[in-house]
Protein chains: 2
Amino acid sequence: MSTTPAPRTRPVADPDTSPARRIVASALAPAGVVGDLTEFHQRLVDAQNRIYTITERVSLDSLDRWNYEPSRGVLAHESGKFFSVEGIRVRVFEDSVRQWDQPIIRQPEVGILGILVKEFHGVLHFLMQLKAEPGNRNGIQISPTVQATRSNYMGVHGGGRVPYLEYFQDRDRHRVLADVRQSEQGAWFLGKRNRNMVVEVTEEVELLDGFHWLTLNQIHRLLALDDLVNMDARTVLSCLPFTGGGVADEGLGAALDRSSVTERGAHSMVALLSWITDTRTRPEVDVRTIALDELSQWRRTPERIGHREGRYFDVIGVRVEAGGREVGRWSQPMIAARGPGVLALLVTRVEGTVHVLMQTRVEPGLTDVVELAPTVQCTPSNYAHLPAASRPAFLDAVLRADPGQVKFDTMLSDEGGRFYHTSNRHLIVETETGPHPEPPGFRWFTLGQLTELLRHSHYLNVQARSLVVCLRSLVSAQSDRHR
Amino acid sequence: MSTTPAPRTRPVADPDTSPARRIVASALAPAGVVGDLTEFHQRLVDAQNRIYTITERVSLDSLDRWNYEPSRGVLAHESGKFFSVEGIRVRVFEDSVRQWDQPIIRQPEVGILGILVKEFHGVLHFLMQLKAEPGNRNGIQISPTVQATRSNYMGVHGGGRVPYLEYFQDRDRHRVLADVRQSEQGAWFLGKRNRNMVVEVTEEVELLDGFHWLTLNQIHRLLALDDLVNMDARTVLSCLPFTGGGVADEGLGAALDRSSVTERGAHSMVALLSWITDTRTRPEVDVRTIALDELSQWRRTPERIGHREGRYFDVIGVRVEAGGREVGRWSQPMIAARGPGVLALLVTRVEGTVHVLMQTRVEPGLTDVVELAPTVQCTPSNYAHLPAASRPAFLDAVLRADPGQVKFDTMLSDEGGRFYHTSNRHLIVETETGPHPEPPGFRWFTLGQLTELLRHSHYLNVQARSLVVCLRSLVSAQSDRHR
């Protein structure tokens, strides 16, 4: 039996020093220890010249140590490590039966995505890494402090140790602000989850090459640039507590701020939880593994695995040469989406409080059947062959919105370690206050209700988490406008 | 697109009319529409004479329409419905590797366990059913309003409709107080979950034979009687909001009451969530199905499936004849535990606030690796052959506690539809305020923190939920003592 001390009642927190309030304060601080964003952009350009990957598309057959295993019908690494590409047959029984086949990535380990946080001059700063990934369209992106698969930090790659990892492995010495496993793309990953962590330190932290301390305001403003803040950074930031109280104007910023503190949502939390429970109980989802060569509508060639009609995505091969901090050569399969996706949130104000329209969505790779997805989540080109009535709800509404209603519009990438030049247009569209329909499968949430759910696993999918961060970033944008 | 009305801000709730406060008020009301408990006991005796099952233990080979299927190695019903008994091989990789084989029940459907609630004379009453189950040691037990497997309410049994089910299927017309899927015994069920629902109605409700409206105080006091309030009732009640404020004395009741409202736990919620995330990330649990005949240490005979050393449990056959409201004859396999279990919570007061010592526990049937379990959860007879050092932590401490420290001590049954005469001693033991060790794998929680986690799936296992209800019942007991 250990000698851990007795439980002690913690002192009641001063609301102004609560993590949530200090995080919002950081979202309102345009300058930090790297100076302002102009200075940071110079560092970005410098980094782009030093850190790079050269990625060449090659045929799947020519990948080094990756082979198609005919006995199991999967594409896997000789070591059995990293990940594999497998085939699945999905059947969803609800009012009707939907069935389809597809390739999917199996990577059952739980990796760590971690951001280190430290206060400088009274403002929280986030330690972000400039990191090149083979699938990135534009070289380097802004990434979390640590981005490590289990193989990664167990040394399967044979590489060096992961910098700063020790802060996330020895949590008891530091203050944890968020620590929750979250799913990744349920259409492309079978049961993949990563541990999203934010840890605050007070001790001196050595600043390594390629790492920079940024305020949340700075990260929020960089988020408005195409393909710069990476997916892993966005999902970790979404799990932060975020309770406002610092925005005084009467514009969208204040309405967002109210949305983060109020419990006066259109629906109570118990009603929303009950609705989620209902959508999880209703469908029966049957996912079984089948050989890649047996997938209906898909064809495996020496070159790639692709859909017969050219829809959805391809599994391709790449050969990579990396320079900069991490040096190496390797080859691997990747997923390359066939067209850019559209991810959109419809938001409205109800008595001055922002509400967000969410839908529930069945995805075969999710651990718990369904998760909350944005108002719109689709790849429009997949619907080109279908009649207009088959287009996803609200897709045309967000694409044809009046420019004044569009509050956020940026292309943001999927994770460049697995996805090749795959990016989604992130849109936030505000509709006028007034009657808004809530079709079956959709509900209005406040930002505070979404933040509360993000303390737990399996509620918001990765696309929804990405847009939650974009929505919160409008607090920074609005506060600057009124400065 | 539907014409669902616009989101509207709900009025701010008066705290005294919040569901949590009204539920605590019901826990303090000893008399209700059935009168006091003396009158209810007369009804119980009447019911015992009319509602019964005659259960005869028979060999597995003689079960009607249940067969061992040699090709799959499972024991299943001819229709493919209800459930099956399968074999699994479990491997848990952590610091060391643990491996074992066992039979397990596969019943992947999500059933409904629901309690209907209605206010009479200003006090919330719970509609409880007196229900006989074949595995019950003592005939009838107090059960939720609705206890329906999916087969049940889809009509696979060929029986009639389930009374009161419509209130739980048409939630929008009523007020939902709780609605969350929760796991069942992870050692005996593979991935089983039930939807736990509490729904408040204001309309007139027809009172059918065998159903009774009880206050929460009455249910709490009946909980102190052996094998009377069934497992399904206990798990549904555990999911209720329960925020105190009504207990004025300075005894354990008031300390529990503070524990339900305070956020001043020994650990912050984010620290506890981080600890849970860590315990879920650390072990790798591999569960694979193997034939029942291939289980190491287990033997299938025409009679039963049992452990070679006589430990753990048997899979037995029963032939059932039911009389009363539900009439019928059938036969089925059941699990019969080899010895009674011990479930215990160690509680302590920290600055007048009750804290509960919880552990995390890997169970092969859980959907998400580990859940929180009580301080002690074991079957002592399974340890009889092992040295004292191998006995579970705190087992001897709770069994040898001074009588004055034992606040609750009752045998409570596992679900009589699957478990034959299987019961656990439920113990709540208070230790003196002072230094308390927190060994690896254990943490102190307040009752309020546990209640908050119970809004979500996969945090507290069924044994922990059962003890949470026993702990809350002490509020009723204490308030009566000081009346």
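The values are calculated or read from the model by the stated rules, or taken from the named source; none is laboratory data. None of these values were measured; they are calculated from a predicted model. Reconstructed Cβ throughout: ideal geometry from the backbone, glycine too, with neighbour counts over all protein chains shown. For the accessible areas, the whole protein counts, side chains as well, though only heavy atoms, and no ligand, DNA or RNA atoms are used. Shrake-Rupley method; radii C 1.70, N 1.55, O 1.52, S 1.80 Å.
For the stretch A:335-342, state whether one or more residues are more than 14 Å from chain B (Cβ to nearest Cβ) and charged (D, E, K, R).
Going through the stretch A:335-342, the residues more than 14 Å from chain B (Cβ to nearest Cβ) turn out to be A:335-342.
Those left that are additionally charged (D, E, K, R): A:338.
Yes, some residue in the stretch A:335-342 is more than 14 Å from chain B (Cβ to nearest Cβ) and charged (D, E, K, R).
Exactly one condition in (1) in contact (Cβ under 8 Å) with a residue 12 or more places away in the chain; (2) within 14 Å of chain B (Cβ to nearest Cβ) is not met by A:Asp396; state its number.
The number of the failed condition is (1).
Please determine whether any residue of the stretch A:405-427 is within 14 Å of another protein chain (Cβ to nearest Cβ) and either of a type in the set (Val, Ile, Thr) or under 22 Å from A:Pro340 (Cα atoms) (or both). Full working, then the answer.
Of the residues in the stretch A:405-427, the ones within 14 Å of another protein chain (Cβ to nearest Cβ) are none.
Scanning the stretch A:405-427 turns up no residue that is within 14 Å of another protein chain (Cβ to nearest Cβ) and either of a type in the set (Val, Ile, Thr) or under 22 Å from A:Pro340 (Cα atoms) (or both).
Which numbered condition trips up B:Trp66, out of (1) more than 14 Å from every other protein chain (Cβ to nearest Cβ); (2) open to solvent by 20 Å² or more (accessible area, probe 1.4 Å)?
Against the list (1) more than 14 Å from every other protein chain (Cβ to nearest Cβ); (2) open to solvent by 20 Å² or more (accessible area, probe 1.4 Å), B:Trp66 comes up short only on (2).
For B:Ile140, work out the one condition from (1) open to solvent by 30 Å² or more (accessible area, probe 1.4 Å); (2) more than 14 Å from chain A (Cβ to nearest Cβ); (3) within 30 Å of B:Ala477 (Cα to Cα) it doesn't fulfil.
(1) is the only condition that B:Ile140 fails.
Only one of B:Arg443, B:Arg361 is under 29 Å from B:Thr277 (Cβ atoms) and within 14 Å of chain A (Cβ to nearest Cβ). Can you tell me which? Give the derivation first.
On the way: B:Arg361 fails: within 14 Å of chain A (Cβ to nearest Cβ).
Of the residues listed, the single one that is under 29 Å from B:Thr277 (Cβ atoms) and within 14 Å of chain A (Cβ to nearest Cβ) is B:Arg443.
For the stretch B:263-293, name all the residues that are more than 7 Å from chain A (Cβ to nearest Cβ), of a type in the set (Val, Ile, Thr) and farther than 17 Å from B:Asp101 by Cα.
B:Ile276, B:Thr279
Identify, please: which residue in the stretch A:159-213 is among the polar types (S, T, N, Q) and open to solvent by 20 Å² or more (accessible area, probe 1.4 Å) and is, among those, farthest from the other protein chains (Cβ to nearest Cβ)?
From the stretch A:159-213, those among the polar types (S, T, N, Q) are A:169, A:182-183, A:185, A:194, A:196, A:202; that's our starting set.
Subsequent filtering for residues that are open to solvent by 20 Å² or more (accessible area, probe 1.4 Å) retains A:169, A:202.
On the way: A:Gln169: 10, A:Thr202: 16 Å.
Ranking the candidates gives A:Thr202 first.
Across the stretch A:286-310, what is the total count of residues that are surrounded by fewer than 17 Cβ atoms within 10 Å (Cβ to Cβ) and of a type outside the set (D, E, K, R)?
Number satisfying all stated conditions: 9.
Name the strands (runs of 3 or more DSSP E) wholly within the stretch B:375-461 that hold at least 2 residues that are out of contact with any Ser or Thr (no Cβ under 7 Å at 6 or more places or on another chain) and under 20 Å from B:Ala254 (Cα atoms)? Give the steps one after another, and end with the answer.
On the way: elements: B:376-378, B:406-413, B:423-430, B:442-446.
In the stretch B:375-461, the matching strands (runs of 3 or more DSSP E) lie at B:406-413, B:423-430, B:442-446.
Go through the stretch A:255-305 and give me each residue that's within 25 Å of the chain's Cα centre (by Cα), within 30 Å of A:Val74 (Cβ to Cβ) and among the small types (Gly, Ala, Ser).
Scanning the stretch A:255-305 gives no hits.
Which condition number does A:Gln218 fail, the rest of (1) open to solvent by 60 Å² or more (accessible area, probe 1.4 Å); (2) assigned by the TED database to the domain that holds A:Gly186 being met?
Among (1) open to solvent by 60 Å² or more (accessible area, probe 1.4 Å); (2) assigned by the TED database to the domain that holds A:Gly186, A:Gln218 violates only (1).
Evaluate the following for B:Ala271: is it at negative phi, among the small types (Gly, Ala, Ser) and assigned to a helix (DSSP H, G or I)?
Details: at negative phi: yes; among the small types (Gly, Ala, Ser): yes; assigned to a helix (DSSP H, G or I): yes.
In short, yes.
Select the strands (runs of 3 or more DSSP E) contained entirely in the stretch B:37-87, then report the ones holding at least 2 residues which are more than 23 Å from B:Asn136 (Cβ to Cβ) and over 27 Å from the mean Cα position of the chain (by Cα). Please lay out each step first, then the result.
Working: elements: B:52-58, B:66-69, B:74-77.
Strands (runs of 3 or more DSSP E) meeting the threshold: B:66-69.
If the requirement is being among the aromatic types (Phe, Trp, Tyr) and open to solvent by less than 10 Å² (accessible area, probe 1.4 Å), which of these qualifies: A:Phe126, A:Phe82, A:Phe93, A:Phe120? Talk me through it step by step, then tell me what you get.
Working: A:Phe82 fails: open to solvent by less than 10 Å² (accessible area, probe 1.4 Å); A:Phe93 fails: open to solvent by less than 10 Å² (accessible area, probe 1.4 Å); A:Phe120 fails: open to solvent by less than 10 Å² (accessible area, probe 1.4 Å).
Among A:Phe126, A:Phe82, A:Phe93, A:Phe120, only A:Phe126 is among the aromatic types (Phe, Trp, Tyr) and open to solvent by less than 10 Å² (accessible area, probe 1.4 Å).
Could you figure out which of (1) touching a residue at least 24 places away in the same chain (Cβ under 8 Å); (2) open to solvent by 10 Å² or more (accessible area, probe 1.4 Å) isn't true of B:Asp278?
Going through (1) touching a residue at least 24 places away in the same chain (Cβ under 8 Å); (2) open to solvent by 10 Å² or more (accessible area, probe 1.4 Å) one by one, B:Asp278 breaks only (1).
Suppose the filter is small (Gly, Ala, Ser), outside any strand (DSSP E or B) and more than 14 Å from the chain's Cα centre (by Cα); does A:Ala224 pass it?
Numbers: small (Gly, Ala, Ser): yes; outside any strand (DSSP E or B): yes; more than 14 Å from the chain's Cα centre (by Cα): yes.
When the stated conditions are applied, A:Ala224 passes them.
Out of curiosity, is B:Thr367 among the β-branched types (Val, Ile, Thr), within 14 Å of another protein chain (Cβ to nearest Cβ) and part of a loop (DSSP other than H, G, I, E, B)? Don't jump to the end; show me each part of the working.
Working: among the β-branched types (Val, Ile, Thr): yes; within 14 Å of another protein chain (Cβ to nearest Cβ): yes; part of a loop (DSSP other than H, G, I, E, B): yes.
Here the answer is yes, as B:Thr367 does meet what is asked.
Being at the interface with another protein chain (Cβ under 7 Å from one of its Cβ atoms) and either surrounded by 14 or more Cβ atoms within 10 Å (Cβ to Cβ) or at pLDDT 90 or above (or both) is the filter here, so list the residues in the stretch B:9-36 that pass it. Show your work before the answer.
The initial filter retains those residues of the stretch B:9-36 that are at the interface with another protein chain (Cβ under 7 Å from one of its Cβ atoms), namely B:9-10, B:12.
Passing the criteria: only B:Thr9.
Would you mention how many residues in the stretch A:229-268 are at pLDDT below 90, open to solvent by less than 30 Å² (accessible area, probe 1.4 Å) and in a helix (DSSP H, G or I)? Walk me through it before giving the result.
Within the stretch A:229-268, the subset at pLDDT below 90 is A:242-266.
Then drop every residue that is not open to solvent by less than 30 Å² (accessible area, probe 1.4 Å), which leaves A:242, A:244, A:247, A:249, A:251-257, A:259-260, A:262, A:265-266.
Then keep just the ones that are in a helix (DSSP H, G or I); that gives A:252-257, A:259-260.
Total satisfying the criteria: 8.
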